[in-house]
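Rule-based calculations on the coordinates, nothing more; no lab input. Model, not experiment: these values are computed from the prediction. When we count neighbours, we look across all protein chains shown, and the Cβ atoms used for this are built from the backbone with ideal geometry, even at glycine.
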Amino acid sequence: MLPARRASPGASPGPPSGLPGAGAGGLPGAASVGPMTAPPTRALLVRHGQSEWNLVGRWQGQADPPLTSHGHRQAQSAARSLGTVDAIWASDLQRAAETAAIISGELGVGPIVLDPDLRERQAGEWQGLTRAEIDEQYPGYLEPLPGEAGEGWMPKRPPGWESDESLTRRLRRALLRVRREVGPGEVLVVSHAGLLYLVERMLDTDGERLANLDGRWVDLTDPPSGPGHADDDPRLDDIAQVGERINLLTPDEITTPGQI
């Protein structure tokens with residue numbers, strides 16, 4: 001297992017020292033980039049491997065359960081599906097950090113950069129609860145099961161739920177750090193379903209429920225200058241362009257949790 005380091009809030013532009021350059025093979029699904037003044041950073045954002053709470057159906061949020069043994073095997077399999085990568089970043093929650101560490105060891109790329117801004121959405125009072133427990137304690141809050149939705153139903157969340165604005169601000173900070181450190185290369189970013197769903201909504205791309213080790217390609221660019229483009233503004237459309245969904249596992253390895 002290769003060592004990890006913490007992301008630096010004030011990281012300067014340029015690729016991390018000691019990491020290999022972008023290879024010709026690239027990651028699966030990556031499009032080649034033609035000549036341009038500032039080529040984008042190709043970021044593959046993926047959901048971590050199966051965790052202990054994924055297995056039993058408990059909402060995680062920023063709680064910190066580890067991977068299951070199957071989650072470890074998923075990460076090993078995902079590494080075999082990847083091609084060349086210039087850097088690996090991850091949330092510092094252990095289910096993401098463990099996934100990244102396994103992939104890092106298989107690929108020989110490191111150190112992993114652990115960034116707290118890549119953590120899952122804070123789920124407040126729902127952390128540690130199953131769907132049945134949430135339905136009992138917060139009736140009518142969760143999306144109805146298929147065929148049970150009534151007309152005019154609107155989702156509700158508990159008081160401690162992290163807002164989209166807060167989540168967008170910290171995700172933007174993290175993505176800009178990735179952009180400035182990696183530069184025109186390819187990076188694997190191991191994070192969480194709540195962040196990936198937010199990216200898809202913010203960039204007007206809806207997707208199906210994410211399985212473990214499902215991912216989404218995103219091209220990262222430098223933000224424009226001027227008002228409304230600061231590092232902590234609650235927007236992504238000025239620094240990110242969404243690409244295709246990708247899955248790194250074989251059908252028999254896939255697990256699809258019903259909670260974040």
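Just to verify a number: FRET efficiency for A38 and S166, C-beta to C-beta distance, R0 = 22 Å, to 0.05?
My answer for the efficiency is 0.15.
How long is the gain from E106 to R209 if the chain were fully straight, where each residue apart is worth 0.36 nm and the alpha carbon distance is subtracted?
Stretched out fully, the E106 to R209 stretch lengthens by 34.3 nm.
For segment 132-140, take each phi angle, set θ = phi - 60°, evaluate the Karplus expression 6.51 cos²θ - 1.76 cosθ + 1.60, and give the result in whole Hz per residue in order, putting x for glycine and proline.
My calculation for segment 132-140 gives 4, 5, 5, 4, 6, 8, 9, x, x Hz in order.
Exposure proxy check: E143, E52, E162, E181 ranked by fewest other beta carbons within 10 Å?
Starting with the residue having the fewest Cβ neighbours, the order is E143, E52, E162, E181.
What number comes out for the charge environment of G57, summing +1 per Lys or Arg and -1 per Asp or Glu over other residues with Cβ under 10 Å away? Write out the running numbers ahead of the final one.
Numbers: positive: R58, R131; negative: E133.
Computed value for this residue: +1.
Counting Lys +1, Arg +1, Asp -1, Glu -1, what net charge surrounds E162 among other residues with beta carbon under 13 Å of its beta carbon?
Values: positive: R119, R121, R157, R169, R170; negative: D117, E120, E125, D164, E165.
With Lys, Arg at +1 and Asp, Glu at -1, the neighbours total 0.
Using r as the Cβ-Cβ distance of Q137 and Q94, and R0 as 25 Å, what FRET efficiency do you calculate, to the nearest 0.05?
0.40
Report the residues of segment 48-67 in range of a label on T130: point 7 Å along Cα→C-beta, backbone N strictly under 17 Å from it.
In segment 48-67, the label zone of T130 (backbone N under 17 Å from the point 7 Å along Cα→Cβ) covers 51-60.
May I ask you to compute the full-extension gain from D232 to S81, defined as 0.36 nm times their residue separation minus their alpha-carbon distance, rounded to one decimal in nm?
Roughly 51.0 nm would be gained on extension.
Could you please report the charge total around L188, scoring K, R as +1 and D, E as -1 over all other residues with beta-carbon less than 11 angstrom from its beta-carbon?
-1
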